[in-house]
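Enquirer: Let me begin by handing over the structure; questions about it come next.
The values are calculated or read from the model by the stated rules, or taken from the named source; none is laboratory data. Keep in mind that what you see is a predicted model, and the values were worked out from it rather than measured. Every residue, glycine among them, receives a Cβ derived from its backbone with ideal geometry; neighbour counts consider all protein chains shown.
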Amino acid sequence: MGRWQPDARGRLMQAAFALYGERGFEQTTVAEIAERAGLTERTFFRHFADKREVLFAGAQELQELLVSTVADAPASLAPIDVAAAGLGAIGAFIGEGGDLARQRQAIIASSVELQERELIKLASLAAALADALRRRGVEDPAASLTAEAGIAVFKVAFERYVAEGNQLELPRLIRESLGELPRLLEPSLPASR
């Protein structure tokens, strides 16, 4: 096995995604992933804590990008616009991965365990966003409400992004979904009888 070949992490991810797609997440073992990548199980565990983490390896980087974008946003922006800037930045980052996001989402959708882990990731992003807003001087409940609304917008936009046939970029879908929020606050017209 090619112990010192370059990009072991990338090769392991590629092998895992291929096997998860072919056989399913639950039926794939770490040994099979390592073998497909031409590496050892020991090398796998140097890069990932377990086979789930292959799918969630970028979560910390996304959170850091979100927080730094919020921190660097102009002071004149409203909290929801600051959140939108942060979410747009992570949307652009995700978009750089091409079809990887769609492939990842299909794998996650096939497993209750992975869906639960995805919800935990989104909750962590919401908490980080709320904390970043508080550091900007946004008080609660506004900071928490903005963060939760922002993550809900991101989730809806992401679902649209990975949908079959979508040709729009994730940052645009985030902006469009965010644009729907004000309409939700408009009073509805009474039903005609």
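Enquirer: Report, by residue number, each residue of region 35-72 that is free of Cβ contacts under 8 Å to residues at least 40 places away in the same chain and in a loop (DSSP other than H, G, I, E, B).
Expert: If we filter region 35-72 for residues that are free of Cβ contacts under 8 Å to residues at least 40 places away in the same chain, which is where we start, we get 35-42, 44-51, 53, 58, 60-61, 64-65, 68-69, 72.
Hits for region 35-72 are GLY38, LEU39, THR40, PHE48, ALA49, ASP50, LYS51, GLY58.
Enquirer: Using the structure shown, decide if VAL138 is in a loop (DSSP other than H, G, I, E, B) and not charged (D, E, K, R).
Expert: yes
Enquirer: Another question, if that's okay. Taking the residues in region 34-71 that are acidic (Asp, Glu) and within 19 Å of LEU19 (Cα to Cα) as candidates, determine which candidate is surrounded by the most Cβ atoms within 10 Å (Cβ to Cβ).
Expert: GLU35
Enquirer: Only one of PHE17, PHE93, PHE45 is assigned by TED's automatic domain parsing to the domain that holds LEU125 and among the aromatic types (Phe, Trp, Tyr); which?
Expert: Values: PHE17 fails: assigned by TED's automatic domain parsing to the domain that holds LEU125; PHE45 fails: assigned by TED's automatic domain parsing to the domain that holds LEU125.
Going through PHE17, PHE93, PHE45 in turn, just one is assigned by TED's automatic domain parsing to the domain that holds LEU125 and among the aromatic types (Phe, Trp, Tyr): PHE93.
Enquirer: Among the residues of region 54-70, write down those that are of a type in the set (Asp, Glu) and either at pLDDT below 95 or farther than 24 Å from LEU129 by Cα (or both).
Expert: Result: GLU61, single match.
Enquirer: Quick one: count up the residues across region 88-101 that are farther than 15 Å from GLY58 by Cβ and surrounded by 14 or more Cβ atoms within 10 Å (Cβ to Cβ).
Expert: Residues flagged as farther than 15 Å from GLY58 by Cβ and surrounded by 14 or more Cβ atoms within 10 Å (Cβ to Cβ) within region 88-101 amount to 1.
Enquirer: A follow-up question, please. Of the residues ALA109, ALA8, ALA89, ALA75, only one is among the aliphatic types (A, V, I, L, M) and over 26 Å from LEU170 (Cα atoms); which?
Expert: ALA8
Enquirer: While we're here: Only one residue in ALA73, ALA49 is touching a helix residue (DSSP H, G or I) at 6+ places or on another chain (Cβ under 9 Å) and of a type in the set (Gly, Ala, Ser). Which one?
Expert: On the way: ALA49 fails: touching a helix residue (DSSP H, G or I) at 6+ places or on another chain (Cβ under 9 Å).
Unique residue meeting the criteria: ALA73.
Enquirer: Among residues belonging to region 169-193 that are aliphatic (A, V, I, L, M) and modelled with pLDDT under 90, point out the one that is surrounded by the most Cβ atoms within 10 Å (Cβ to Cβ).
Expert: My answer is LEU181.
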